[in-house]
Amino acid sequence: MSRYAESLLSGDGTRVLRPLADGANPALSDTISTVTAPVFDSPPEGWVTEESTDLVRSILYSRSAVVVDNLAAWVAAKITAADAWEAPQKATAAVTDATLELAALLSALPYDAVVISRELGLMVAADSPVDRALQDALGQANTVLSNHLSRAVLLLGGRAVDLSAFPALPY
C-alpha cells in the first residue's frame with residue numbers, strides 16, 4: 001500500500017499524517033492494534049511524518065500534499081470518542097458523520113491527498129462487539145469516502161483496481 005501511495009505523490013514536503021487511535025484500548029481486541037498500525041515503515045526521504053489527534057486540522061494546516069496513514073486509527077479514535085466500542089451501530093453513526101466532514105475537506109483541497117485504509121470487509125466477519133464496531137465503522141468510512149471523492153482504488157493481489165468508474169453504493 002505504501003509504495004502505491006508513494007507513486008501517487010512526489011516531491012519533498014509531502015506530509016504523512018498518522019492519526020492516533022486516541023484512547024482506543026488495544027487490550028479490548030488484538031484487531032485494534034493490528035489494524036490501526038501505520039502502513040509506512042519509513043516514508044521517502046524529504047517527506048515529513050506527523051502524528052495527529054485532529055486529522056481534519058492537520059490536513060488543513062499541511063498546505064502541501066498529504067498521505068493519511070492509516071484511516072483505521074482515525075476511525076478507532078472516533079469510536080472511542082463516541083464511547084461506542086460495545087455498540088457497533090452507534091460507532092458506525094459517529095464515524096459516518098465525521099467521515100462526511102473529512103470527505104468534504106478532502107474534495108475541496110487545492111493539493112493532493114491520499115488516504116490509506118484497510119478493507120476489513122474482506123476479512124472473516126467479526127465475532128465480538130468490539131471487532132464488529134471497528135469492522136463496520138471502517139467499512140462505512142471507506143464507503144463514504146469512495147462515494148464522495150473523485151478516485152477510489154482497491155489494492156488486491158498486487159494490483160491497483162480503480163473503483164471510480166463503478167456505481168457507488170448507498171451508505
Checklist outcome for this item: Flagged pairs (Cβ under 6 angstrom, 6 or more apart or on separate chains; first in region 103-121, under 20 Å from Ala76 (Cβ atoms); second polar (S, T, N, Q)) are Ile116/Asn70; Ser117/Asn142; Leu120/Gln135
Next on the checklist: Against the definition (over 23 Å from Ala27 (Cβ atoms), among the acidic types (Asp, Glu), modelled with pLDDT under 95 and in contact with a helix residue (DSSP H, G or I) (Cβ under 8 Å, 6 or more places away or on another chain)), how does Asp112 come out, yes or no?
Outcome noted: yes
Checklist entry - Of Ala91, Ala24, which residue is of a type in the set (Gly, Ala, Ser), closer than 22 Å to Ala104 by Cβ and either buried (at least 19 other Cβ atoms within 10 Å of the Cβ) or in contact (Cβ under 8 Å) with a residue 60 or more places away in the chain (or both)? => result Ala91
Checklist entry - Could you say which residue among Thr80, Thr14 is surrounded by 16 or more Cβ atoms within 10 Å (Cβ to Cβ), at pLDDT below 95 and within 24 Å of Tyr171 (Cα to Cα)? => result Thr80
Checklist entry - Does Val35 satisfy the criteria of being of a type in the set (A, V, I, L, M) and farther than 30 Å from Pro170 by Cα? => result no
Next on the checklist: Suppose the filter is in contact (Cβ under 8 Å) with a residue 24 or more places away in the chain, surrounded by fewer than 18 Cβ atoms within 10 Å (Cβ to Cβ) and more than 16 Å from Gly13 (Cβ to Cβ); does Asp54 pass it?
Outcome noted: no
Checklist entry - Where residues in region 37-80 are more than 11 Å from the chain's Cα centre (by Cα) and among the charged types (D, E, K, R), which of them is farthest from Ala103 (Cα to Cα)? => result Glu45
Next on the checklist: Suppose we filter Val115, Val130 for residues that are surrounded by 14 or more Cβ atoms within 10 Å (Cβ to Cβ), of a type in the set (Val, Ile, Thr) and in a helix (DSSP H, G or I); which single one remains?
Outcome noted: Val130
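The values are calculated or read from the model by the stated rules, or taken from the named source; none is laboratory data. These numbers were taken from a predicted model, which means no experiment stands behind them. All Cβ positions, even for glycine, are placed from backbone atoms using ideal geometry, and neighbour counts span all protein chains on display.
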